[in-house]
1. Among rounded, prolate and oblate, which fits the stretch 157-262 when a ≥ b ≥ c are the square roots of the eigenvalues of its C-alpha gyration tensor, a/c under 1.5 means rounded, and a/b larger than b/c means prolate?
2. Please arrange Tyr183, Tyr216, Tyr377 by accessible surface area, largest first, computed with a 1.4 Å probe and ligands excluded.
3. What value does the stretch 358-495 have for Rg/Rh, both radii from Cα atoms and Rh as Kirkwood defines it?
4. Report, by chain and number, residues whose modeled amide H sits under 5 Å from the one on Lys305, excluding near sequence neighbours (fewer than 5 apart, same chain).
5. Mind grabbing the accessible area of Phe181 for me, 1.4 Å probe, Å², rounded to tens?
6. Could you rank Tyr104, Tyr92 by how accessible they are, 1.4 Å probe, largest area first?
7. Multiply the residue separation of Glu154 and Asp356 by 0.36 nm, subtract the distance between their alpha-carbon atoms, and state the gained length in nm to one decimal.
8. Treat each spin label as a single point 7 Å out from the Cα along the C-beta direction, and report the Ala179 to Asp232 distance in nm.
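The values are calculated or read from the model by the stated rules, or taken from the named source; none is laboratory data. A quick note: this is a predicted structure, and the numbers were derived from the prediction, not measured. No Cβ is skipped: glycine too gets one built from the backbone with ideal geometry, and neighbour counts run over all protein chains shown. Accessible surface is based on the protein model in full, side chains and every heavy atom, while ligands, DNA and RNA are left aside. Shrake-Rupley method; radii C 1.70, N 1.55, O 1.52, S 1.80 Å.
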Amino acid sequence: MKVENELSFNDPLLSLMAQTERRYTLFPPPADSDQPVIVGVSGGVDSVVLLHALAQLPPLWRLQLHVVHVDHGIGLFQGLIKLTLEGIENEYLQIAYAGGDKLYVPIHQVDRLSKYIGSDDHAPDIHRLGTADWSQVRSKAKEAALEVARELLELYAARELAPGFAFSADSAWQSELEASFPYLETDDQLRAIREVKADMEKARPMDRLICGDVGYGKTEVALRAAFKAVQDGKQVAVLVPTTILAQQHYTTFTNRLAAFPVSVEMLSRFKTEKEQDAILTRLRAGQVDIIIGTHRLLQRDVAFKDLGLLIIDEEQRFGVTHKEQLKKLRTEVDVLTLTATPIPRTLYMSLVGVRDISTIDTPPEERLPVATYVGEYDDALVRQAILREIDRGGQVFFVHNRVMDIEHAEERLKSIAPEARIGVGHGQMDEHELEKVMVEFVKGQIDVLLCTSIIESGLDIPNANTLIVDRSDRFGLAQLYQLRGRVGRGATRAYAYFLYDRISGMTDEARRRLEAIREANELGMGYSIAMRDLEIRGAGDLLGMRQSGHISAVGFDLYTKLLKRSVDEMKALRDGTSLPPMTLGGVNIDLPLQAHIPDDYVAAEGLRLQLYRRMGNITGAAEIDALGQELVDRFGPLPKAVENLMFQLQLKVLAAKAGITTIGRDRERGNIVLKSETLEHVDRAGLQRRLGALAAVQRREVHIPLKDEWRVALMRVLELMGEA
């Protein structure tokens with residue numbers, strides 16, 4: 001059975017394969033529907049969202065997809081359609097609205113559309129075109145975003161204004177420690193380290209999020225920050241969600257810092273009460289430099305002599321009470337948070353610019369993606385997966401997340417694979433017994449570790465390269481992603497099997513989670529998983545349930561843009577600076593050009609849609625050049641229509657820099673018209689002198705004659721306006 005590039009089911013009638021570069025696989029239909037649900041996408045270079053897959057399916061299978069247009073509101077995406085206007089054929093996205101209305105969006109305006117993500121699972125109301133309903137909804141959402149922005153800035157103003165400790169510049173010891181790192185740092189890792197050090201050297205408390213995939217080197221970033229703090233006489237607390245991860249971090253920190261006079265201790269249930277009391281006494285006296293522990297570190301009897309840095313590994317694993325305590329610490333000491341899949345609230349704060357974030361996207365050398373299988377539980381499949389791993393000298397994680405019947409699962413595994421040495425580990429075991437099992441597994445004395453989700457965070461056992469998750473439909477998306485991160489941490493190909501029980505059935509949300517984990521089959525997808533988690537679970541709220549309704553009304557994407565704009569406006573008001581007018585949907589272009597991707601160049605509608613979406617997200621000239629080269633490499637020389645499309649992309653980049661909101665036509669005068677509200681606030685006479693005979697400057701418009709060389713003139717005018 002091939003699992004690296006395929007997703008298959010026992011019943012071949014359940015699979016519908018689209019004839020494209022990718023393979024799409026369907027789950028059985030939900031109980032209340034006769035339509036299947038896509039759950040897996042494999043192959044190709046880029047991970048695609050469901051939107052791209054839908055367009056590939058025959059109309060019978062196509063599902064309804066809600067989208068948001070910034071100017072017209074929520075509608076239903078109905079695919080791509082070709083229309084001929086003024087003798088020029090182009091491709092458009094067809095959106096259906098209430099009352100039978102249709103909207104045809106030019107493909108170069110795809111950035112004005114976003115997939116609808118609400119705050120819950122309820123379908124949104126479809127708007128009508130030509131009414132004031134959408135304007136009112138968006139206006140209310142903007143007012144709500146302003147309120148949230150004010151509260152967010154007040155929350156983080158305390159941190160900005162609080163008297164923090166400015167750590168010293170790097171010492172010789174710091175350089176010596178970093179030189180002892182046995183691996184070659186990636187560029188992303190080095191950048192994150194620089195950003196953390198720069199924050200620590202400022203006289204305000206740091207609050208930075210390090211978002212990097214599992215095994216991408218976040219721990220090394222934290223370790224270097226901890227050593228920097230210790231050298232200035234400060235204590236460091238490392239807060240982790242599980243005792244196993246605490247033990248692993250303790251081992252890592254102890255080994256890396258062995259050559260230096262640094263005292264590292266651990267607080268967890270692996271320590272006796274007497275040992276814990278002794279550690280706490282030394283901690284209060286300042287004799288412990290770095291303390292690593294679980295939520296035990298947040299209890300009242302834990303006191304520091306001079307805490308300077310708090311490192312939090314996977315904050316989403318801690319409860320509400322713990323997070324309130326952490327919130328208080330954020331205004332007093334430097335805080336560094338590590339995560340592979342940030343929680344929605346954390347992601348919000350990073351997206352809108354009120355929390356600092358560093359991303360580590362580059363995988364370590366020789367790292368291979370984990371081959372992922374999603375399907376029904378089958379004893380023969382489990383036996384095959386276990387024996388294949390054992391035959392190549394590796395080990396297996398078998399995750400069964402129900403302690404009450406884990407002994408039954410053990411007996412079943414022994415009957416399936418009697419050749420394997422099986423050990424059991426879960427959080428309700430005696431700490432010494434659990435520690436013994438984990439040590440035996442690390443030493444290779446156990447072939448299969450039958451365990452609960454206790455292994456999901458941070459565990460690093462390079463020889464374990466097969467993961468089997470029983471009843472994977474019962475896990476959250478971030479959990480599934482973290483579990484898969486336990487394998488494939490070296491140069492060996494790893495395999496992950498996410499199994500479900502067909503008889504018991506599953507919820508639609510579970511189907512979507514399994515779809516997402518299968519799509520995210522490439523390296524560095526943790527941040528994307530967090531975004532999909534937002535999509536599946538709903539965007540929720542920032543500072544209270546009152547925001548949930550506004551997010552539902554306009555969708556997460558638009559709400560985030562409104563919120564970010566509100567934050568920027570309030571920052572500008574505070575700093576006495578000005579902001580250009582808000583343009584939520586980029587630059588609107590209406591030119592006499594055939595600009596699209598022809599069917600005979602890229603035949604698959606879903607693939608064309610994917611390319612259009614990528615084009616809509618382009619913000620720089622270098623990205624345009626790279627995409628053009630990729631198109632040539634994949635599909636051959638660019639047709640004239642695609643060259644025109646790339647030209648429009650160049651115009652959009654230049655127009656955005658120049659503050660232009662619309663590039664259109666004055667058909668009566670035969671001119672190209674550039675519209676911008678910022679023209680009212682510039683020296684228009686000076687701009688006219690710079691432009692000369694190329695264009696005529698008016699109060700809010702610039703007119704360019706539509707002559708033979710109008711393309712060259714248009715590009716030059718935009719360049720000159722961008723330099724102003």
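1. Numbers: a/c = 1.40, a/b = 1.29, b/c = 1.09.
Rounded, because the longest to shortest axis ratio a/c is under 1.5.
2. Correct descending sequence by accessible area is Tyr183, Tyr377, Tyr216.
3. Working: Rg = 14.5 Å, Rh = 15.4 Å.
My calculation of the ratio gives 0.94.
4. Gly286
5. Counting only protein heavy atoms, Phe181 exposes about 40 Å² to solvent.
6. On the way: Tyr104 90, Tyr92 25 Å².
Accessible-area ranking of Tyr104, Tyr92, largest first: Tyr104, Tyr92.
7. Details: separation 202, 0.36 × 202 = 72.72 nm, distance 1.58 nm.
Difference between extended and current length: 71.1 nm.
8. So the two model labels end up 2.4 nm from each other.
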